[in-house]
1. Determine whether Gly74 is on the phi > 0 side of the Ramachandran plot, of a type outside the set (Ser, Thr, Tyr), out of contact with any Lys or Arg (no Cβ under 8 Å at 6 or more places or on another chain) and not in a strand (DSSP E or B).
2. What's the number of the only condition in (1) within 22 Å of Asp33 (Cβ to Cβ); (2) within 24 Å of the chain's Cα centre (by Cα) that Ala69 fails to meet?
3. If Asp206 meets every condition in (1) at pLDDT below 95; (2) acidic (Asp, Glu); (3) more than 21 Å from the chain's Cα centre (by Cα) apart from one, which number is that one?
4. Out of region 7-26, which residues are hydroxyl-bearing (Ser, Thr, Tyr) and either surrounded by fewer than 16 Cβ atoms within 10 Å (Cβ to Cβ) or part of a loop (DSSP other than H, G, I, E, B) (or both)?
5. Give region 129-170 a look and list any residue that's within 30 Å of Asp91 (Cα to Cα), among the small types (Gly, Ala, Ser) and either buried (at least 17 other Cβ atoms within 10 Å of the Cβ) or touching a residue at least 12 places away in the same chain (Cβ under 8 Å) (or both), or say none.
6. Anything in region 64-92 that is within 15 Å of Ser13 (Cβ to Cβ) and either touching a residue at least 40 places away in the same chain (Cβ under 8 Å) or among the β-branched types (Val, Ile, Thr) (or both)? List them, or say none.
Amino acid sequence: MTGGYITCGEGRSEFTEKKSVFLGRIRSVSTEDEARAFLAAVAAEHPEATHHVFCYILREGNVIRFSDAGEPSGTAGKPALEVLTREGVKDVCLVITRFFGGIKLGAGGLVRAYAQSAKRTLDAAGKRTMSPFLTAELTVGYADWGPVGETLKHLPAVAESVDYGAAVTVRLLFPAGAEPSVRAALADRTAGRAVLTVTGEVLRPDPAEA
């Protein structure tokens, strides 16, 4: 699995520049289909808008797309994309809807307005770090379950489920880098009787940013 990355939550912003209203919307996406669907949904919500400028950055395939959506070339999609690139976010799609107010902003004014909208929208959504976590299955006897349950409270591990059968089986989730310390603590508390089997890897939001 690849390392962690920075993405965003879902957010929106709105501001007015010389009577033109700029409505920004952003969300996390993982495919071009999701990005296009988000753009289509925003466009359908505001059919009366003058422009639906968009940009998105995807980790899979290193896809980067942007569109000025009818604005003068280089004045809308590119400055918005540059904000996302500078902030280091990936797997995100940003759509900025403009309602023209009758006063032209000029090329420089458009660049500043779209960049400002992009930054405001991303700030509203908030950035979040996706980090690699391991899923694992822990098996312990009933005699060890009490001490193990207490130990888990002090480890960087989350018990997602507990099954009581012939033995106690716990499905755990913990940061990939914590595996050695988790194994050592469980082995120490059970004299090596606990069996911890890693079952997979996932990317999850960093709990420190929750």
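The values are calculated or read from the model by the stated rules, or taken from the named source; none is laboratory data. None of the values given here were measured: they were computed from a predicted structure. For neighbour counting, all protein chains shown are included, and Cβ atoms are generated from backbone atoms with ideal geometry for every residue, glycine included.
1. yes
2. So the condition that Ala69 fails would be (2).
3. Unmet condition: (3).
4. Taking region 7-26 and keeping what is hydroxyl-bearing (Ser, Thr, Tyr), we get 7, 13, 16, 20.
Within region 7-26, just Thr16 meets the criteria.
5. Result: Ser131, Ala136, Ala157, Ala159.
6. Going residue by residue through region 64-92, those that are within 15 Å of Ser13 (Cβ to Cβ) are 80, 83-84, 87, 92.
Scanning region 64-92 gives Val83, Glu87, Val92.
Yes/no matrix, rows are residues, columns are (1) loosely packed, with under 15 Cβ neighbours inside 10 Å; (2) out of contact with any helix residue (DSSP H, G or I) (no Cβ under 9 Å at 6 or more places or on another chain); (3) not in a helix (DSSP H, G or I):
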residue: Gly109; (1), (2), (3): no, yes, no
residue: Ala115; (1), (2), (3): no, no, no
residue: Ala118; (1), (2), (3): no, no, no
residue: Leu172; (1), (2), (3): no, no, yes
